[in-house]
Amino acid sequence: MLDILSEVPKIREEYEELEQKMGNPDVIEGSNYQEVSQKYSKIKDLLQLVEELEDVTERIDENEEMLESEDDEEMIELVKEELAENKERQEELRSEIKELIVPEPEEDKKNAILEIRSGTGGDESALFAADLLRLYRRYAERHGYEVETLENRPTSIGGFTQVSVAIEGEGAYGQFKYESGVHRVQRVPETESSGRIHTSTATVAVLPEAEDVDVEIDENDVRIDTFRSSGPGGQHANVTDSAVRMTHEPTDIVVTCQDESSQHKNRKKAWRVLRSRYKEKIEEARAEKRESKRRGQIGQAQRSEKIRTYNFPQNRVTDHRISYTTHNIEAILEGEIDDLITALKEAEEEEKLDNLDISELLARS
């Protein structure tokens, strides 16, 4: 984590400069007063927190020194209690500072569009895609999110070559974004008679759902084709041209929705997916870093690009980004991934803090 205590002099200097500005009549009456006021308030809060952290850290050092030199048992117990309280407060302050200097991105609060595609492994890969969909549905249910199928390309044996869902609820994208990447499974397929372990992959991409105000798509650029839905047959067979395929011709983004029996509903779903993919596309064009992130999400389903491995023979799930391992694969596939998501969030925050330049922070606060 950023050594915030070493930056106290810079923070204090910035605070004093802003305090002087806040007392300047020209600033008070100027057009940027609100901007200066907001920055002053944030720096003031930050300074109060780091100064308290500085005091608590000093008290912890004093407590530890006393424990090394103290002989009286009663005094030792009192110092231990005080040390525990100070360490608890130290962690609280670090969390508050972290939240203040690395705020939650606005897009994390949005709904999410989650796409799963089968990769290496044929039918087994498609079945694994279905397992991942079940995992995310269970996880969403546990957190009170609504899940709606948008695109759906099932296989005859119960898998998916591709499936897209909307996950609706406050903070959905922030919870699911860490699932983007290539997932690998190692297990004996049900169709494998010799008991040989197969390795298959599926890719997951998670996008913040774009709203109408986020992007503007010229409807003249979108070709819309309708066709008969290809369901499992029997009573579910669709005898009307309710399925919709949208092609955004300038970017070649293609979205197919056929889950609903109503063409109107499929059109509505297709627009949701198209807007989100298009928004991501134009953001990629603005920043190479964003482009690399997107390519990393989609990948080519190659084994070398994996972010997580689900090893059934060893009852093990390993997230390779943070070297996180658990030996309870059944619980993971039932959506019990809270500990894993928390660990990924903490790793991301620590990385942001490690790369944070306090001068840049103070300049943009």
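For this structure, a couple of remarks:
- Among (1) modelled with pLDDT of 95 or more; (2) assigned to a helix (DSSP H, G or I); (3) under 21 Å from the mean Cα position of the chain (by Cα) - the single one GLU330 does not satisfy: (3)
- Of the residues screened, ALA84 is not one that is part of a helix (DSSP H, G or I) and buried (at least 22 other Cβ atoms within 10 Å of the Cβ).
- Here ASP71 fulfils each of the conditions (1) outside any loop (DSSP other than H, G, I, E, B); (2) surrounded by fewer than 13 Cβ atoms within 10 Å (Cβ to Cβ) apart from (1).
- Those residues of region 209-229 which are at pLDDT 90 or above and surrounded by 18 or more Cβ atoms within 10 Å (Cβ to Cβ), in sequence order: VAL222
- Filter pass, GLU52 being exposed (fewer than 14 other Cβ atoms within 10 Å of the Cβ) and in a helix (DSSP H, G or I): no
- Complete set of residues in region 121-148 that are surrounded by 18 or more Cβ atoms within 10 Å (Cβ to Cβ) and outside any helix (DSSP H, G or I): GLY121, TYR145, VAL147
- Scanning region 91-116 for residues that are under 20 Å from PRO208 (Cα atoms) and touching a helix residue (DSSP H, G or I) at 6+ places or on another chain (Cβ under 7 Å) yields VAL102, GLU104, GLU107, ASP108, LYS109, LYS110, ASN111, ALA112, ILE113, LEU114, ILE116.
- For the criterion of being free of Cβ contacts under 8 Å to residues at least 12 places away in the same chain and either touching a strand residue (DSSP E or B) at 6+ places or on another chain (Cβ under 9 Å) or more than 27 Å from LYS345 (Cβ to Cβ) (or both), GLU88 fails.
The values are calculated or read from the model by the stated rules, or taken from the named source; none is laboratory data. In this text the structure is predicted, and so the values were computed from the model without any measurement. Positions of Cβ are generated from backbone atoms using ideal geometry, with glycine treated the same way; all protein chains shown enter the neighbour counts.
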